[in-house]
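The values are calculated or read from the model by the stated rules, or taken from the named source; none is laboratory data. Model, not experiment: these values are computed from the prediction. Positions of Cβ are backbone-derived with ideal geometry, glycine not excepted, and every protein chain shown enters the neighbour counts.
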Amino acid sequence: MRRVTFNYLVLARGQAAKILTIVLKSALIGCPQNPEKGADLPPEEKTGVKCPDLFEKCFQYTTPQDIRNLGIYPYFRPVQSAPGNEVVIDGKECIMIGSNNYLGLVNHPKVKEAAAAAALKYGSGCTGSRFLNGTLDLHIELEHRLAKFMQREAALVFSTGFQTNLGTISTLVGKSDAVFIDRQDHACIVDGTRLSYGKIYKFAHNDIDDYERVVKNVVNNGHRGGMLVVVDGVFSMEGDIIDLPRLVEVSQRYDVRVMVDDAHSVGVLGETGAGTAEHFGLLDKVDITMGTFSKSFASLGGFIVADAAVIEWVKHTARALIFSASIPPSNAAAVLAALDIIETEPERREHLWKNAHRMKREFAGLGFDVGRTETPIVPIVIGGDIEAFEFWKALFDRGVFTNPVVSPAVPPGQAMIRTSYTATHTDEHLDRVVEIVAQVGREKGLIS
């Protein structure tokens, strides 16, 4: 039985100690102790069982160093300048086509000024969770603005986008429920389902026929609980858009609630930037929409919008919300300023799409495999993992920063260079990128 969250708040110290003792004893089940042996003896003499070292996998893990030894390690590269379309990395000036700064707001003066002013007024942090002392009037204002922008009854702000999915899915899906996910859904969706008590079912990527097959099998096999499907609006690696009209049609037929992760869609898709549901004219057909602040909103955090009753439930039961510190005032103020700009400068989204269409056309015209992208995320499929690292390194050496994506983030043999574009990339930036990518593609034999 799922423990009601409020119980934790009134748990007496003695009760807590008992629970901790039970947990610690349970943790030792795999290595039973022998109380007659001395505490200073080796584990196998204490228990008669040689327990494996938990850290053994760490000591044997050499893959990152192997890649470093090849000179093609691409991760955790420190940026030594403000994020933007031109950055300094490892002392090298690069054109950045590896960020999610879709509307180019991360360096906007109004956004930075709002963040600075909030820090001066409220301080650097909130020192508590939303549930207790960590809710500011800024958070409430932001939730009202988000609900209005997304055209829904209510909104709820979390500390990160990852926690948003983790907390929302795990608290909504109970042990008698079923949750359906696309095989290419983001990791935070997958982990949210794992934390739930429900049964998890996967369907082929963006294949609604397969989704219906899976749902139908579940229903026909006697499932009697609630059902939820969770999908990305825009898939973060491939750049394709979920077939929401058909997904909604199938979901309604089988009484499945619909949740869409619009992390890469809000600010990008739809007439006003309200995301995938607005893009397809289905705002009243999606039950929950999730978004993040680290992309179009140029900040940090996450949110959901839904009917007020759903928000009320999640607000009072989601552990990822209740037991996490709230986003700092500077982050909330930055999002509010970004919202102002998004609502008053639609030309930013128009220029973003102009750049996105151009780069897909350019790369496809050169002969690259760009998959089924329909968005400002334009992948270049390479194939092998090492080959993708080598392609990344060749681009980096010429002053273009991208993101290599390898398995398990994509299926084996489908490693890619993920490129993404912003409203503020200039034609000069894109001319240079096309020239360099073409050079490297020919050197590596991917294009002729």
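Of all residues in the stretch 171-187, exactly one satisfies the criterion of being assigned to a helix (DSSP H, G or I), surrounded by fewer than 24 Cβ atoms within 10 Å (Cβ to Cβ) and touching a Leu at 6+ places or on another chain (Cβ under 9 Å), namely T171. Give the stretch 389-414 a look and list any residue that's assigned to a strand (DSSP E or B) and either within 14 Å of A438 (Cα to Cα) or touching an Asp or Glu at 6+ places or on another chain (Cβ under 9 Å) (or both), or say none. Listed by number, the residues that qualify are V400, P404. Out of I208, I242, one residue alone is closer than 30 Å to G104 by Cα and either among the charged types (D, E, K, R) or at pLDDT 95 or above (or both). It is I242. Touching a strand residue (DSSP E or B) at 6+ places or on another chain (Cβ under 6 Å), buried (at least 17 other Cβ atoms within 10 Å of the Cβ) and of a type in the set (A, V, I, L, M, F, W, C) - does that describe any residue in the stretch 419-432? No. Consider I386 carefully, then state whether it is part of a helix (DSSP H, G or I), under 26 Å from I241 (Cα atoms) and out of contact with any helix residue (DSSP H, G or I) (no Cβ under 7 Å at 6 or more places or on another chain). Judged against the criteria, I386 is not a match. Pick from the stretch 249-269 the residues that are over 22 Å from C188 (Cβ atoms) and not polar (S, T, N, Q): which of them is surrounded by the most Cβ atoms within 10 Å (Cβ to Cβ)? The qualifying residue surrounded by the most Cβ atoms within 10 Å (Cβ to Cβ) is V250. Mind checking whether some residue in the stretch 415-428 is among the aromatic types (F, W, Y), in a strand (DSSP E or B) and under 22 Å from E93 (Cα atoms)? Looking for residues that are among the aromatic types (F, W, Y), in a strand (DSSP E or B) and under 22 Å from E93 (Cα atoms), one finds none in the stretch 415-428, hence no. Considering each residue of the stretch 93-101 in turn, none proves to be farther than 26 Å from L352 by Cα, in contact (Cβ under 8 Å) with a residue 60 or more places away in the chain, part of a loop (DSSP other than H, G, I, E, B) and outside the structural domain of A394 (by TED's automatic domain parsing).
Scanning the stretch 221-237 for residues that are in contact with a strand residue (DSSP E or B) (Cβ under 6 Å, 6 or more places away or on another chain) and closer than 21 Å to S296 by Cα turns up V231, D232, G233, V234, M237. Filtered by the rule that a residue be part of a loop (DSSP other than H, G, I, E, B) and either touching a helix residue (DSSP H, G or I) at 6+ places or on another chain (Cβ under 6 Å) or not polar (S, T, N, Q) (or both), the stretch 114-162 gives G123, G125, C126, G128, R130, F131, L132, G134, L136, R152, E153.
Restricting attention to the stretch 299-357, the residues being of a type in the set (G, A, S), touching a helix residue (DSSP H, G or I) at 6+ places or on another chain (Cβ under 7 Å) and in a helix (DSSP H, G or I) number 7.
Does Q163 satisfy the criteria of being farther than 20 Å from V310 by Cα and within 21 Å of the chain's Cα centre (by Cα)? Against the criterion (farther than 20 Å from V310 by Cα and within 21 Å of the chain's Cα centre (by Cα)), Q163 does not qualify.
Of all residue pairs spaced 6 or more apart or on separate chains, those with beta-carbon atoms under 8 Å, a first member in the stretch 129-144 that is loosely packed, with under 13 Cβ neighbours inside 10 Å and a second member that is polar (S, T, N, Q) are N133/T127.
Screening P379, P404 for residues that are farther than 22 Å from E93 by Cβ, buried (at least 19 other Cβ atoms within 10 Å of the Cβ) and touching a strand residue (DSSP E or B) at 6+ places or on another chain (Cβ under 9 Å) leaves exactly one candidate, P379.
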